[in-house]
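Written below as structure tokens is the structure these notes are about.
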Amino acid sequence: MSFEIKNNIKWVGKTDWELRHFHGEEYSTHRGSTYNSYLVRDKKTVLIDTVWEPYAEEFVRNLKKEIDLNEIDYIIANHAETDHSGALPELMKEIPNTPIYCTQNGMKSLKGHYHQDWNFVPVKTGDKLNIGEKDFVFIEARMLHWPDSMFSYLTKDNILFSNDAFGQHYCSESMYNDLVDQAELFQESIKYYANILTPFSKLVENKIDEVLKLNLPVDMICTSHGVIWRDNPIQIINKYMQWCKNYKENQITIIYDTMYNSTRKMAEAIGKGIKEADKEVTIKLFNIARSDKNDVVTEIFKSKAIFVGSSTINKGILSPVAGILEEIRGLAFKNKKGIAFGSYGWGGECIKLINEGLEKAGFEIVDEGLKINWNPDQQAIEECMELGKKIAIRTK
Ligand code: FEO
């Protein structure tokens, strides 16, 4: 599959319908993904990025149907991670001297991955590559999301090739943002931001400011995963500008794991109490042991407060709860509140440990938390509801 985007620019990537996990098992991809590669023809011909290694042979085979590979004058590697560079070894067997434009860190990373001394041309922000009527302008995008990432902007066509930024793990037969289900598109976009870009939000803000100050018209954003933003592309930039500023919606998320349903009953009672005090707030409950981690992270991203609950076991907490606390520590959410709860039989260490986890993750602990001995009776259920009400009022 290939298709023309605009003025001799073709998409020559790979749609991966069956991908269900990315970064090993780290990121769930319920809707598959795409690895977008682009062939740009002017007086010179440029290939932007490639595809993931398992599809390398297929990629090169298909590319040969588009072009005599010897006619490719330059390769731009916007990012060295192997989902974009994975077909380079296969391709470079055929055209070993073709210059590869990338950042200095991109060169280090590509050498680290493939141990090849290809014809690298390191570039930095503002450097240009003339290809005839048009120029590529390079913009380093350090930590969006890796130290080597960069954007390439094509003049006259006004296209920003943004690599991972503004992308989604979203496979669709319609590769344009205006042709796909909008709810799915924005769900995959916010999930991508929440799980991958949250720790770099300050850098996202600064980079978008920097790009906007360049006053480059942007008619299209060609990402390296998911759809091409051709209809009002500024809309995804605006979303990023919201998401990077300690984003939250009017939502409280309750996350727990439970051994014999006591902590689950507490979670449900807390949710009921919140709703009684605030009819407007969105409440979501997740048994983290039975939920997709990345989906839960996305809901945490949208929340103004979270409750985290666990039974006490071996003076500790259940491992799925420990896992999500570690996950959110790494993501460094800002300006969110956290509250612990849990049931116990003997020790009751769950509250202390959850509070420690929330603190390490940068959450503001707004209540000492609630632990209930054994199976919650009616009085305990009412205590849980009271806690829910108190937090609802406090965060209204
Ligand atoms: Fe899509 Fe950072 O690789």
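The values are calculated or read from the model by the stated rules, or taken from the named source; none is laboratory data. Everything numeric in this text was worked out from a predicted model, so none of it was measured. As a convention, Cβ positions derive from the backbone with ideal geometry for all residues, glycine included, and neighbour counts pool all protein chains shown. Surface areas here come from the heavy atoms of the whole protein model, side chains and all, with no ligands, DNA or RNA. Shrake-Rupley method; radii C 1.70, N 1.55, O 1.52, S 1.80 Å.
Within the bounds of region 196-204, is there any residue that is at positive phi, open to solvent by 10 Å² or more (accessible area, probe 1.4 Å) and of a type in the set (Lys, Arg)?
No, that holds for no residue.
Which one is farthest from the ligand (Cβ to nearest atom), of the residues in region 214-272 that are crowded, with 24+ Cβ neighbours inside 10 Å and assigned to a loop (DSSP other than H, G, I, E, B)? Restricting to residues being crowded, with 24+ Cβ neighbours inside 10 Å and assigned to a loop (DSSP other than H, G, I, E, B), the top hit is 257.
Going by the conditions given, is residue 183 of a type in the set (Gly, Ala, Ser) and closer than 30 Å to residue 317 by Cβ? The answer is no for residue 183.
Residue count for region 373-394, restricted to those that are on the phi < 0 side of the Ramachandran plot and in a loop (DSSP other than H, G, I, E, B): 3. In the set 182, 168, only one residue is outside the structural domain of residue 362 (by TED's automatic domain parsing) and away from the ligand (no atom under 16 Å from the Cβ); that residue is 182. The numbered conditions (1) modelled with pLDDT under 95; (2) open to solvent by less than 10 Å² (accessible area, probe 1.4 Å) are all true for residue 209 except (2).
Once region 129-157 is narrowed to residues that are basic (Lys, Arg) and out of contact with any strand residue (DSSP E or B) (no Cβ under 7 Å at 6 or more places or on another chain), the residue that is nearest to residue 168 (Cα to Cα) is 142. Scanning region 25-78 for residues that are open to solvent by 10 Å² or more (accessible area, probe 1.4 Å), within 26 Å of the chain's Cα centre (by Cα) and of a type in the set (Asp, Glu) turns up 25, 26, 53.
Among residues that are assigned by TED's automatic domain parsing to the domain that holds residue 105 and more than 29 Å from residue 186 (Cα to Cα), residue 14 is not included.
Just one of the listed residues (132, 126) is within 27 Å of residue 71 (Cβ to Cβ) and either more than 16 Å from the ligand (Cβ to nearest atom) or in contact with a helix residue (DSSP H, G or I) (Cβ under 9 Å, 6 or more places away or on another chain) (or both), namely 132. The residue that is farthest from the ligand (Cβ to nearest atom), counting only those in region 146-159 that are more than 13 Å from residue 210 (Cβ to Cβ) and crowded, with 22+ Cβ neighbours inside 10 Å, is 154. Tallying residues that are open to solvent by 40 Å² or more (accessible area, probe 1.4 Å) and either in a loop (DSSP other than H, G, I, E, B) or of a type in the set (Asp, Glu) (or both) within region 117-132 yields 6.
Residues in region 79-99: is at least one more than 23 Å from residue 170 (Cβ to Cβ) and under 26 Å from the mean Cα position of the chain (by Cα)?
yes
Considering only residues of region 53-82 that are in contact with a His (Cβ under 8 Å, 6 or more places away or on another chain) and not aliphatic (A, V, I, L, M), which is farthest from residue 159 (Cα to Cα)? So, considering only residues that are in contact with a His (Cβ under 8 Å, 6 or more places away or on another chain) and not aliphatic (A, V, I, L, M), the one farthest from residue 159 (Cα to Cα) is 82.
From (1) within 16 Å of the ligand (Cβ to nearest atom); (2) within 20 Å of residue 203 (Cα to Cα); (3) surrounded by fewer than 18 Cβ atoms within 10 Å (Cβ to Cβ); (4) hydroxyl-bearing (Ser, Thr, Tyr), pick out the condition that doesn't hold for residue 114. Every listed condition holds for residue 114 apart from (2).
Residue-wise test of (1) surrounded by 22 or more Cβ atoms within 10 Å (Cβ to Cβ); (2) among the aliphatic types (A, V, I, L, M).
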site	(1), (2)
289	no, yes
316	no, no
338	yes, no
341	yes, no
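Give the residues of region 273-321 that are assigned to a helix (DSSP H, G or I) and either of a type in the set (Val, Ile, Thr) or at pLDDT below 95 (or both), sorted by residue number. Listed by number, the residues that qualify are 274, 288, 296, 297, 298, 300, 321. Residues that are touching a Cys at 6+ places or on another chain (Cβ under 6 Å), within 30 Å of residue 199 (Cα to Cα) and assigned by TED's automatic domain parsing to the domain that holds residue 71 do occur in region 154-165, at least one of them.
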